[in-house]
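The values are calculated or read from the model by the stated rules, or taken from the named source; none is laboratory data. Values in this document were obtained by computation on a predicted structure and should not be read as measured data. Cβ coordinates were reconstructed from backbone atoms using ideal geometry, including for glycine residues, and neighbour counts include every protein chain displayed. Ligands, DNA and RNA are stripped out before the accessible areas are found, and what is left, the full protein with its side chains, is counted by its heavy atoms. Shrake-Rupley method; radii C 1.70, N 1.55, O 1.52, S 1.80 Å.
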Amino acid sequence: MSCCERSRILHVSTGRPYDVEALPGLLHARGHDALKARLQALVPERAVIVSDTNVAPLYARAAADALGPKCAGIHVIPAGEASKTPAELVRALEAFAALGLTRSSAVIALGGGVIGDLAGLAAALWMRGIDCVQIPTSLLAMVDSSVGGKTAVDLPAGKNLMGVFSQPKAVLIDPQALDTLPERERACGWGEMIKYAGIDARMNQLVHEALAGIEPGSPAPLPTVDLILAAIDVKRRIVEADEREVGERRLLNLGHTVGHAVEAAAHWELSHGASVAVGMAILTRALVREGRLPDEMQVDLETLLSKTGLPSAVPAALRARSDLDFSPESLLKLCQHDKKAGAADVALVLPVSPGCARIERTSWAKLLERIRTGL
Ligand code: NAD
Ligand code: GLY
């Protein structure tokens, strides 16, 4: 292997087990031999690379070269959440047909969470399911979406409503790909790491250590490979315990019920990571006002968010827009489309103490009150 740095591997023991491997330089010239060895071993026949209009020009050539004659083609979709649709899913499947993919083919998902979710679902559907190798290139996709097997596209009624659980064949990470990731997107990945800090004591300590010297309002720093792996390890542990989200895995939705509502109310103009940050902050503020959390937890969360360039509230520019409705009633309606929603209540993830959260069935009336006080 000509890659100069050490490869780090986490093994995920789900029903279908797989490795998550981090190797700096994998998508760069010095990683060519290492990437070639991995992809030649993982892809028995042919594979299509699915990527987006930002990532493909940067990294698709490296993946295609590593596949060599096994590369069936590169399918590129427009970058952004607006592409995570049934229409783009069908376009991908039609591209698979045009490229002559078979039941022995594979999909390489090369990009952020949008590509991982869409290409993962396309792989799960193509001829009732073929392998998908995830190569996440955004921080959010590295620490969260590429691991755990959730695949989906959005419907007008809500996010991720059309999807299946389908674990990847492998996850290959080049942390050096973060060098080209825009700062705003790096912040989104930090949002998920701050989420892990809210549910795991060790991650809480590591995130605080990593952000200790950072001034609020500074650009989000580049995380170390150790921190990326620590975050993935939290997800690994939870997914192994509850692969299909019937129990503990719901903790990974901290901030997501209200966050997804904020994201939809913003017509997707606020990123997923920023929306989840706002969702976590709204709930934390509400619980502080209820006397269920100490003031310091709100101060601490808001400080962590501002050190990584994330908002703690819906940005004023969006609130001022007459075409967007962030009223508590409107946000509640959007929460009611959430996958965790029941007729009378929702399984809400509530912070309890630093690094600890729990799931509590919460009536819609109570959630409305919390959105009002925390907004
Ligand atoms: P994204 O895929 O839209 O990527 C963010 C932006 O960064 C895009 O413009 C992309 O082109 C660009 N980009 C990615 N990597 C780059 C790189 N290395 N260099 C330059 N540009 C790069 O969004 P995301 O934040 O990665 O993921 C958000 C999506 O993930 C949402 O749809 C969310 O629902 C989903 N998600 C899924 C899970 C899961 O478990 N499956 C978990 C969390 C989030
Ligand atoms: N991102 C939440 C989950 O994978 O369960």
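In segment 159-270, the alpha-carbon atoms span a convex hull of 140 Å³ per residue.
Which whole-number percent is the relative contact order of the chain (Cα, under 8 Å, 6+ apart)?
Dividing the mean separation by the residue count of the chain yields 14 percent.
Directionally averaged projected area (segment 14-135, Cα convex hull): 7.2 nm².
Rounded to the nearest whole Hz, the Karplus-based 3J(HN,Hα) values (6.51 cos²θ - 1.76 cosθ + 1.60, θ = phi - 60°) of segment 198-214 follow the sequence x, 10, 9, 5, 5, 5, 4, 5, 5, 5, 4, 4, 5, 9, 4, x, 8, with x at glycine and proline.
Amide H contacts of Ala106: Arg46, Ala47, Val48, each under 5 Å away and 5 or more positions distant or on a separate chain (H built 1.01 Å from N in the peptide plane; Pro and chain starts excluded). Close Lys pairs in the chain, defined as Cα atoms under 14 Å apart and 8 or more places apart or on different chains, number 12.
Other residues lying with their Cβ under 13 Å from the Cβ of Gly129 contribute a combined charge of +3, Lys and Arg counting +1, Asp and Glu -1. Each other residue within a Cβ distance under 13 Å of Leu89 adds +1 if Lys or Arg and -1 if Asp or Glu, for a net charge of -2.
Close amide-amide hydrogen proximity is noted between Asp154 and Thr85, Asn160, each under 5 Å apart and 5 or more residues distant or on a separate chain (H modeled in the peptide plane; Pro and chain starts excluded).
Under 19 Å from a point placed 7 Å out from the Cα of Arg361 along the Cα-to-Cβ direction: which residues of segment 233-251 have their backbone N that close? The answer is 245-251, whose backbone nitrogens lie closer than 19 Å to the label point. Across segment 193-308, C-alpha contacts under 8 Å between residues 6 or more apart give a mean separation that, scaled by the residue count, equals a relative contact order of 30 percent. In this structure the amide hydrogen of Arg358, modeled in the peptide plane, comes within under 5 Å of the amide hydrogens of Leu350, Val352, none closer than 5 places in sequence on its chain.
Between the beta carbons of Arg289 and Ile9, assuming R0 = 51 Å, the FRET efficiency works out to 0.70 to the nearest 0.05.
Eigenvalues of the alpha-carbon gyration tensor of the chain, scaled by 5 and square-rooted, set the equivalent ellipsoid semi-axes at 34, 23, 18 angstrom, largest first. Relative contact order for segment 137-209: 34 percent, from Cα pairs under 8 Å spaced at least 6 residues apart, divided by residue count.
Note that segment 319-327 has calculated 3J(HN,Hα) couplings of 4, 7, 6, 6, 8, 10, 10, 9, 5 Hz, one per residue in order, obtained from phi through the Karplus relation 6.51 cos²θ - 1.76 cosθ + 1.60 (θ = phi - 60°); glycine and proline are x.
Working note: Karplus 6.51/-1.76/1.60 with θ = phi - 60° gives segment 159-174 the couplings 6, 6, 6, 10, x, 9, 7, 7, 5, x, 6, 6, 10, 10, 10, 10 Hz, where Gly and Pro are set to x. With all protein chains in place and a 1.4 Å probe, the accessible surface of segment 158-246 carries 51 percent carbon and sulfur. Convex hull volume per residue, computed on the Cα atoms of segment 44-111, equals 74 Å³.
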